[in-house]
Amino acid sequence: MTTEVFGVPVEYKIVGEGTPVLCIHGWTESMVQMEHSIEPVFAPFISYKRIYFDLPGMGKTPRCDQVKNSDDMLQFVKAFVEQVIPDGRFLAISRSYGGYILRGLLAAMPERIMGGIFICPLVEPVRQKRILPNFKVVYRNEELIKQLPASHRVLFTNLFVIQDQYTYDRFLDELASAAAIDEPYLRSISHSPGYAFSELPEENGLCDVPTLFFLGKQDNVVGYTQCVDLVRDHYTRHSLLLWENAGHNLEIEHHNLFCETVKSWLRGIENEESI
């Protein structure tokens, strides 16, 4: 289904009924990756309405000429929220660049967000300023790697620190077959100073919303040390998990552990809301 935001048709999908859960994907990704990772989490729950959508220039949502930087992207997502969740409180789950946008939402509408989950969130938008660990493969199925098509082999072995049949199957389903992206449009944003917010969301005060952060010690895309510092200084009700043997796709590499951890956190939110 679609809804119009800033004159652009936004592709989105709703699964389930109940408390809204806004799911924000990463840069050059789509709602496909989020849906595959998040839906198993909600299998035992019957009262959550998951809302997946594609950001401008990604998935099935076309570029938006009014979105020229991350400040604009935040306003775009806020406008989308106002359409699909016009009132009431909601949860938010984010990945990578989606976490950057969620930080802005938490600052802009803290009274509406019950809790936020950050999966390998982007903290430093300027790549040259990121503190990154060296890429390290922690497990490789050599027989599997030998059998892969050359184009898949290069991409897969540079994205995952755990390289087995399960992570490759997920790679095929979600990344290798992902919808086309508008590369020139996205590059015009990510390669400009406007990829960074004009003002950090946390500059206006502490975040008192319950949050859950997943970080990988082998994440060589966004790193983890700068996020640890940010969370410690600005997020008063956080839970932070820093996993060994986990990269930028930790929700795939450690799928079962990820799902059980989010389920436990959600139950905690439910208990808190019922008091």
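Things worth noting here:
- All alpha carbon pair distances within the stretch 138-195 were sorted into 5 Å bins beginning at 0; the resulting P(r) in whole percents reads 4, 17, 23, 17, 12, 12, 10, 5, 1.
- The stretch 26-76 - Rg (one decimal) and Dmax (whole number), Cα, Å: 13.5, 41
- Largest to smallest principal axis extent of the C-alpha atoms in the stretch 94-142, angstrom: 49, 27, 11
- Debye log10 I(q)/I(0) for the stretch 55-175, one point scatterer per Cα, at q = 0.14, 0.15, 0.21 Å⁻¹: -0.82, -0.89, -1.19
- Of K49/K263; K13/K49; K68/K217; K13/K68; K60/K146; K49/K78, those spanning more than 22 Å from alpha-carbon to alpha-carbon: K68/K217; K13/K68; K60/K146
- Under Karplus coefficients 6.51, -1.76 and 1.60, residue-wise ³J(HN,Hα) of the stretch 96-112 in Hz, glycine/proline x: 6, 4, x, x, 4, 5, 5, 4, x, 5, 4, 6, 7, 9, x, 6, 9
- Stretchable slack from E183 to I46, in nm (0.36 nm times residue separation minus alpha-carbon distance): 45.5 nm
- ³J(HN,Hα) computed for each position of the stretch 229-238 - Karplus, 6.51 cos²θ - 1.76 cosθ + 1.60, integer Hz, glycine/proline x: 5, 4, 5, 4, 8, 10, 10, 7, 10, 9
- For the chain: relative contact order, % (alpha-carbon pairs under 8 angstrom, 6 or more apart): 21
- Less than 5 angstrom separates the built amide H of F90 from those of I113, M114, all sequence-distant by 5 or more or on a different chain.
- Stretchable slack from E272 to K13, in nm (0.36 nm times residue separation minus alpha-carbon distance): 90.4 nm
- Per residue, the convex hull spanned by the Cα atoms of the stretch 223-275 measures out at 81 cubic angstrom.
- Rounded, prolate or oblate (a/c below 1.5 giving rounded, otherwise prolate when a/b exceeds b/c) for the stretch 182-275 by Cα gyration tensor: oblate
- Percent of Cα pairs exceeding the 31 Å cut-off, where the set is the chain: 22
- Inter-label distance, L206 to L257: 3.0 nm, where each label sits 7 Å from its Cα along the C-beta direction.
- DSSP-loop chymotrypsin sites (Phe, Trp or Tyr not before Pro) across the stretch 222-275, with at most 12 other Cβ within 10 angstrom: none
- Unit charges on C-beta of K, R, D, E only; dipole of the chain, Debye: 440
- Amide H contacts under 5 Å for I24: I93, S94, R95, restricted to partners 5 or more places along the chain or on a different chain, H placed in the peptide plane at 1.01 Å from N.
- Between R140 and Q163, the built amide H atoms are under 5 Å apart, and every one of these is 5 or more places off in sequence or on another chain.
- Taking a ≥ b ≥ c as the square roots of the eigenvalues of the Cα gyration tensor, the stretch 1-55 is oblate, since a/c reaches 1.5 or more and a/b is not larger than b/c.
- q = 0.16, 0.21, 0.29, 0.35 Å⁻¹, the stretch 120-162: log10 I(q)/I(0) [Debye, one scatterer per Cα]: -0.57, -0.78, -1.05, -1.25
Bear in mind these aren't lab numbers, they're just calculated from the coordinates by the rules spelled out. Every value quoted in this text rests on a predicted model; they were computed, and no experiment measured them. No Cβ is skipped: glycine too gets one built from the backbone with ideal geometry, and neighbour counts run over all protein chains shown.
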